[in-house]
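Worksheet: the structure to be examined is printed underneath.
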């Protein structure tokens with residue numbers, strides 16, 4: 001080996017020793033950057049999965065802490081209401097939808113469902129009609145009567161007697177079920193406690209109508225007597241409904 005060849009080998013060896021650390025460093029830096037990028041992408045994907053709404057069976061779940069609307073068979077649940085319907089009638093009887101016109105009912109018709117805001121009107125003698133509320137309660141309307149189904153809510157049901165008379169039979173145990181049935185009349189509001197009673201909008205010359213109770217009890221509030229206490233009407237009692245003066249006092253049945 002000549003001197004020149006010796007120096008060539010020494011130079012080549014030095015070049016390899018010098019270049020290898022830089023190559024190793026470059027490869028190490030590249031691998032480190034790649035790992036860091038993969039870790040960052042994994043964190044972003046994990047965060048997106050946490051932030052995205054849960055989807056199960058194709059439906060969106062409500063965010064935690066909020067009440068989602070009840071979905072049964074794809075529809076919202078309707079508030080519970082009573083079943084009110086005209087089940088029997090005689091003579092001239094009309095039904096009026098809320099905001100509509102009076103329509104006569106043929107005598108050969110079947111039961112007529114009544115919605116909130118609908119009213120029933122009877123003609124002169126011998127016209128009458130029976131409204132059934134669920135299976136336990138009925139209102140038998142006398143001649144020349146206008147009676148409205150105001151609210152069929154199962155907890156607080158309301159009806160209006162504009163004119164005429166009715167016989168009510170409420171067999172449902174309202175107090176036990178914590179429910180109420182109210183009858184709104186021109187001069188009073190009747191709170192029924194589960195009873196058999198009658199009411200009308202015409203009485204003696206000094207009265208604007210009356211209420212008589214056969215079974216149970218009824219609480220009457222005179223709407224025109226500001227600050228007057230309610231009147232409790234027990235079985236076998238009746239009162240006259242007045243617009244002025246002292247609150248009426250119950251007396252024994254004689255007019256109903």
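The values are calculated or read from the model by the stated rules, or taken from the named source; none is laboratory data. Remember, it's a predicted structure, so these values are computed and weren't measured experimentally. Using ideal geometry, Cβ is built from the backbone for each residue, glycine included, and neighbour counts are taken over all protein chains shown.
What number of residues in the stretch 92-128 are under 19 Å from residue 184 (Cα atoms) and over 27 Å from the mean Cα position of the chain (by Cα)?
Residues meeting the conditions: 2.
Answer yes or no: is there a residue in the stretch 153-173 that is without any contact (Cβ under 8 Å) to a residue 24 or more places away in the chain and more than 24 Å from residue 248 (Cβ to Cβ).
Looking for residues that are without any contact (Cβ under 8 Å) to a residue 24 or more places away in the chain and more than 24 Å from residue 248 (Cβ to Cβ), one finds at least one in the stretch 153-173, hence yes.
If we only count strands (runs of 3 or more DSSP E) wholly inside the stretch 146-256, which ones have 2 or more residues that are within 21 Å of residue 119 (Cβ to Cβ)?
So the answer is 146-151, 156-163, 165-170, 180-184, 188-192, 196-200.
So which of 213, 231 ends up being at pLDDT 95 or above, in the same structural domain as residue 137 (by TED's automatic domain parsing) and buried (at least 23 other Cβ atoms within 10 Å of the Cβ)?
Exactly one of 213, 231 is at pLDDT 95 or above, in the same structural domain as residue 137 (by TED's automatic domain parsing) and buried (at least 23 other Cβ atoms within 10 Å of the Cβ), namely 213.
Of 208, 175, 219, 237, which residue is farther than 21 Å from residue 146 by Cα and at pLDDT below 90?
On the way: 208 fails: farther than 21 Å from residue 146 by Cα; 219 fails: at pLDDT below 90; 237 fails: at pLDDT below 90.
Just a single option satisfies the conditions, and that option is 175.
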